[in-house]
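Here is the structure we will look at.
The values are calculated or read from the model by the stated rules, or taken from the named source; none is laboratory data. This structure is a prediction, so every number in the text was calculated from the model and none was measured. Neighbour counts run over all protein chains shown; Cβ positions are idealised from the backbone, glycine included. Note: areas computed on protein heavy atoms with side chains; ligands, DNA, RNA excluded. Shrake-Rupley method; radii C 1.70, N 1.55, O 1.52, S 1.80 Å.
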Amino acid sequence: MGRLPVFIFLSVLLLAFDYYCYRAILSVFKNWKPQTRKLFTLIWWGYTTLLVIGVFTSFYANLFLSMKSVILVAYFLTVACKLVMLPFLIVDDLRRFIIKLSRSVKPSSGPLVDPTMPETITQPLPGEPISRSSFLVKAGLITAAIPLTSLTWGIAKGAYDYKVKRRTLILPNLPASFEGMKLGQISDIHSGSFYNPRAVLGGVEMLLAEKPDLIFFTGDIVNDMATEMRDYQDIFSKVKAPLGVYSVLGNHDYGEYHFGKGPSAAKAKNLQDVIKTHQLMGWDLLMNEHRRLKINGEEIGILGIENWGTGRFPKYGRMDLATKDTDDLPVKLLLSHDPSHWRAEVLPKYSQIDAMFSGHTHGMQFGVRTEDFQWSPVQYIYKEWAGLYQEKNQQLYVNVGYGFLGYPGRVGILPEITIFELKRA
């Protein structure tokens, strides 16, 4: 089933939930003034309409990934809130239906009130206990707030809750001298979003505590401007490894979201300042080129290209330049920021690439991720969005990022430091 039918179904479902919840809420708060009811109605249906439009726009228009993230996270949180509230409303309706049924079987001598109509849910008088209907609906509203609370927690805790992910990377042609080597990867620093240097330093210390032999950084060191690294350059200058730190540029590093796609002197200077930042930190920035890593006379290749992404994302990467004069290398490791590059160009054209390392998706900073299961709204945009993937003899690892963008936190998809152990078999 394609994405469009799925989201049409979910949107119809959301509208049905909205109407059901809307009627229940109005029935409980009958004492609202007409102006308050009108304002509530406008906000309720206005938000729903904008959300549904936003979802379809995010799939069929070239919006920024950060904007898509905000829209899709809001959409799934809204659906989650309604689903959490739904059982309380169903229980209340069943309760009132049973009451109506029992009264129809055994008529009461007093006046009958239709319990299935929302208008029959009356407000208790002062000093009286709350009605069962009011209790159930309000309990549902309180419970539905739990997903929203998770967003607040994501800001307070998730943004800097760094997690080390350990993976074994099997490379059949790996030279014996590289057996057991530890490779670290971080991605998507987005220094312009940080607000806690001490916490950022804590993540760097976690990476260094793993004692990796070499480290990859797979792009997006800033949001837009090179100056965003001013307060964090000294921190990331601590990222060192015996065999070097290798890095590439991501789509945000070119400054296009600030300066526009066209050329300008300011845009060119900003890019040069970003490049200089990598150099000042001692990182080996690979721009459509490769390095030979040599141990005991044996070599592997580390290739890095500029950003190459499908859709509206920049395509500055040149695989033909990066792979030039690498035919003799038994293993080639590619740094390429956008994972869509793997399926679009690497798999069909460059079978000599053994493993590619990417970032970019952030796991949309929202979802569920365990050792055996992962889900995020971003999977409806990117087929490969987090973790290790393999097609025949080629592998891809997508790191969900060190920093954050847009929403200043993370829920379920926590910032990642990846440690690989290289194995021959």
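Taking the protein heavy atoms of the range 375-425 in the context of the full set of protein chains, the accessible area attributed to carbon and sulfur is 48 percent at 1.4 Å. Taking the convex hull of the alpha carbon positions in the range 329-425 and averaging its projected area over all directions gives 6.8 nm².
Would you work out if the range 183-232 is rounded, prolate or oblate? Take a ≥ b ≥ c from the square roots of the eigenvalues of the alpha-carbon gyration tensor; rounded if a/c is under 1.5, else prolate when a/b is larger than b/c, oblate otherwise. The shape class here is oblate. Ranked by the mean number of other Cβ atoms within 10 Å per residue, highest first, peptides 305-316, 29-40, 401-412 order as 401-412, 305-316, 29-40.
Considering only protein heavy atoms and a probe of 1.4 Å, how much of the accessible area of the range 209-364 is carbon and sulfur, as a whole percent?
Working: 3000 of 6030 Å².
The computed percentage sits at 50.
Residue separation times 0.36 nm, minus the C-alpha to C-alpha distance between Lys269 and Leu347: what's the value?
On the way: separation 78, 0.36 × 78 = 28.08 nm, distance 3.44 nm.
Between Lys269 and Leu347, full extension yields 24.6 nm more.
Taking a spot 7 Å from the Cα of Ala176 along the direction of its beta carbon, which residues of the range 275-308 have an amide N less than 19 Å from it? It comes to 294-300, nothing else.
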